[in-house]
1. Considering only residues that are without any contact (Cβ under 8 Å) to a residue 40 or more places away in the chain and of a type in the set (Asp, Glu), look in segment 80-98 and name the one that is surrounded by the fewest Cβ atoms within 10 Å (Cβ to Cβ).
2. Would you list the strands (runs of 3 or more DSSP E) that sit entirely within segment 101-182 and hold 2 or more residues that are in contact with a helix residue (DSSP H, G or I) (Cβ under 7 Å, 6 or more places away or on another chain) and of a type in the set (A, V, I, L, M, F, W, C)?
3. For GLN169, state whether it is touching a residue at least 24 places away in the same chain (Cβ under 8 Å) and either surrounded by 21 or more Cβ atoms within 10 Å (Cβ to Cβ) or over 20 Å from LYS61 (Cα atoms) (or both).
4. Quick one: is ASP144 free of Cβ contacts under 8 Å to residues at least 24 places away in the same chain and either surrounded by fewer than 21 Cβ atoms within 10 Å (Cβ to Cβ) or over 14 Å from the mean Cα position of the chain (by Cα) (or both)?
5. Do you know which residues across segment 53-102 are of a type in the set (Phe, Trp, Tyr) and farther than 20 Å from GLN164 by Cβ?
Amino acid sequence: MPSRLPNSGREPLALPPSQSINVIYVVRADKLVLATIEFSHGGPIHANCRGKSLAKHQFEKVFTVEEANALIPRMEILVRGLQVEAEALRARIRELARRHDSSVAGMPLADLVERYPELKENAARMAEMAGQVENLGCFLKDIDQGLVDFPYEIEDDVVFLCWQSGERQIIAWHTIDSGFSDRRPLPGVNKPYLN
């Protein structure tokens, strides 16, 4: 049983577990679109479109390796900004849970922002940065891991060039219906590990 707070007579509130913030994409009839930035209490939520017709999807932009590499400095700035905002948002939510209401730990982000307007600024900055990534033709897969995918064509198939924050250049790719754990090295890349 947790110890009681001095002179309060109440048990301390448990802080919510650290939440991962990930970007979720939804397949629409005309394009794959950013749907929401969402909190997850369990394992991370990745952009997972298995079973959809994404492999036949016509992307607005298909990158060359050189074009994707040219965007890496911009992606580093955007991903780092998203990570900073995500951590600030988590800290504010933990403080709300500690001071006011432990039930905030299980609420969807949209409900939290509606209930606590002071969260709106962080959430809006995150949405704006995620939108910048999407507007460049890229797919933000995971904020915490810093994962961004770029549509790329290999032998008449569209796949994703896969980049993780900290990598100085694109070193790997994966099929559209797989993810980071299935990365394969680009030809000529000497990298002892990919995942």
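1. Of the residues in segment 80-98, the ones without any contact (Cβ under 8 Å) to a residue 40 or more places away in the chain are 84, 87-88, 91-92, 95-96.
Now restrict to residues that are of a type in the set (Asp, Glu): 87, 95.
Working: GLU87: 15, GLU95: 12.
Step by step, filter segment 80-98, then rank; the result is GLU95.
2. Values: elements: 139-142, 147-154, 157-164, 172-174.
Here the list reads 147-154, 157-164.
3. On the way: touching a residue at least 24 places away in the same chain (Cβ under 8 Å): yes; either surrounded by 21 or more Cβ atoms within 10 Å (Cβ to Cβ) or over 20 Å from LYS61 (Cα atoms) (or both): no.
Considered against the rule, which asks whether it is touching a residue at least 24 places away in the same chain (Cβ under 8 Å) and either surrounded by 21 or more Cβ atoms within 10 Å (Cβ to Cβ) or over 20 Å from LYS61 (Cα atoms) (or both), GLN169 comes out as no.
4. Here the answer is no, as ASP144 does not meet what is asked.
5. PHE59
Where a number appears in this text, it was derived from the coordinates with a stated rule and is not lab data. Everything numeric in this text was worked out from a predicted model, so none of it was measured. Because the Cβ atoms are built from the backbone with ideal geometry, glycine has one as well, and the counts that use them run over all protein chains shown.
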